[in-house]
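Participant: Okay, handing you the structure first.
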Amino acid sequence: MRRLILVLALSVMIPVLFSACSKKEEATQAPPPPAQMMPGAGMPGTAPHEEVTMPPAENMTIQVPEAVRGKWKGVTLTVVDRETSSIKDFTTPLGRKLTIPQSSIVVQVTDFLPDFKIEGSLYTSGSTNPLNPAVNVIVTEGGKEIFKGWLFQKFPSIHAFKHQRFGITLKEGVPS
């Protein structure tokens, strides 16, 4: 009789113990990492996962504050060549052009904003600190414009330059 009670008790306890162990394991798993916030996240009317929509460029003016002009002289762009599987950094002064080697692609670096902000109809910088670095570029291939817009250091997939062979991203601003 004792054996029967012991077997019955174990048959009830074993599933309960395994159930408790699995729940404890679930509880001790690390929470997923927080989602990367996009520019504009936390601003009124935006949510961290909301698609960022840039205003039409023809309605916007770029205003580089004087303090920013004095602190930044260029940018470093990272170029990925998918054909040769190479990655190379190029430092280019503001206002200058970079010709990507072994191609007819030219990148004109126009303006750099270390703390990119949109204020009404202005693209500007909230400070001289690299809190949300962005560079405005015009990319041509064989003399034909194929991209015009902003490249963001912290958010390279937003408004990314798309090309079958080359990828171009902003690595960092170059201080004066």
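A short reminder: the numbers here are calculations on the coordinates, not readings from a lab. Note that the structure is predicted; figures quoted are calculated from it, not measured. Backbone-built Cβ (ideal geometry, glycine too); neighbour counts: all protein chains shown.
Participant: Where in the stretch 51-94 does the label zone of Val106 land, with the point 7 angstrom along Cα→C-beta and an amide N cut-off under 17 Å?
Facilitator: The answer is 92-94.
Participant: Treating the beta-carbon of each Lys and Arg as +1 and of each Asp and Glu as -1, no other charges, what is the dipole magnitude of the stretch 57-175 about its Cα centre, to the nearest 20 debye?
Facilitator: Around 200 debye, computed over the stretch 57-175.
Participant: Follow-up question, since we're still on this one. Modelled label-to-label distance, Ile118 and Thr91, 7 Å Cα→beta-carbon offset: nm?
Facilitator: 3.3 nm
Participant: Starting from the stretch 99-176, pick out the chymotrypsin sites (Phe, Trp or Tyr not before Pro) whose DSSP state is loop and whose Cβ has at most 12 other Cβ atoms within 10 Å.
Facilitator: For chymotrypsin sites (Phe, Trp or Tyr not before Pro) across the stretch 99-176 that sit outside H, G, I, E and B with at most 12 neighbouring Cβ atoms in 10 Å, the list is empty.
Participant: What list of ³J(HN,Hα) values in whole Hz, one per residue of the stretch 127-138 in order, does the Karplus curve 6.51 cos²θ - 1.76 cosθ + 1.60 (θ = phi - 60°) give from phi, with Gly and Pro shown as x?
Facilitator: 6, 8, 7, x, 8, 8, x, 8, 10, 8, 10, 10
Participant: Residue separation times 0.36 nm, minus the C-alpha to C-alpha distance between Gln164 and Ala67: what's the value?
Facilitator: 31.1 nm
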